[in-house]
Amino acid sequence: MVITSVDIAKASDILKLLGDKTRLSMVKTLDSEDVCVCEFVALYEMSQPAVSQHLRKLKDFGLVNEKKRGQWKIFSLNKESEYYPFVQSLLAHLPSQEDRLAELAQKGLRISCE
């Protein structure tokens, strides 16, 4: 179900969730590509548990989807979420993160989980 407006309480929750720079950047990255946990670990130079904690919060709110590929988890932006139009309107004002993914690829760290 897609809604055209978000109530103030839900908007506040989404803004709090995306108020973290790392989560906001993750969501912007996922707006263009699916990303493995291992790639986020390399991108943010964070531990896997720290990255997983951020992704769990986004998943619990329904903003991202998770699928398993072997032992690895691949994340994507949940474009079916009722809050996606709201989130997308915020993301439209942010710079692309594709250059960060390209830099990761140059280092040979893209989809290193396969």
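The values are calculated or read from the model by the stated rules, or taken from the named source; none is laboratory data. Computed from a predicted structure; not experimentally measured. No Cβ is skipped: glycine too gets one built from the backbone with ideal geometry, and neighbour counts run over all protein chains shown. These area figures cover heavy atoms from the full protein model, side chains too; ligands, DNA and RNA do not enter into them. Shrake-Rupley method; radii C 1.70, N 1.55, O 1.52, S 1.80 Å.
Hey, what number do you get for the chain at 222 nm if only DSSP H runs of n ≥ 4 count, each worth -39500 (n - 2.57), divided across all residues, to the nearest 500? For the chain, the value works out to -15000 deg cm²/dmol.
The candidate values were (i) 2, 11, 23, 25, 19, 11, 6, 2, 0; (ii) 2, 13, 23, 23, 15, 10, 7, 4, 2, 1, 0; (iii) 2, 10, 19, 23, 22, 14, 7, 2, 1, 0, 0; the one computed from these coordinates for P(r) over Cα pairs in 5 Å bins from 0, in percent carries the label (i). Take the chain with all the other protein chains still there, run a 1.4 Å probe, and you get 58 Å² of accessible area per residue. The range 60-95: which GluC sites (Glu not before Pro) are DSSP loop and have at most 12 other beta-carbon atoms within 10 angstrom? Of the GluC sites (Glu not before Pro), the ones in loops of the range 60-95 whose Cβ has at most 12 other Cβ atoms within 10 Å are Glu80.
Working from label points 7 Å from Cα in the Cα-to-Cβ sense, the Ser96 to Lys59 distance is 2.9 nm. Computed in the context of the full set of protein chains, the accessible area of the chain at 1.4 Å probe radius has 50% of its extent on carbon or sulfur.
Please state the shape class of the range 1-65: rounded when a/c is under 1.5, otherwise prolate if a/b exceeds b/c and oblate if not, all from the C-alpha gyration tensor. Prolate is the answer for the range 1-65, as a/c is 1.5 or above and a/b outweighs b/c. Protection proxy ranking of 29-41, 89-101, by the mean of other Cβ atoms within 10 Å over each peptide's residues and highest first, is 29-41, 89-101. With the whole protein complex present, Arg69 retains an accessible surface near 100 Å², based on a 1.4 Å probe.
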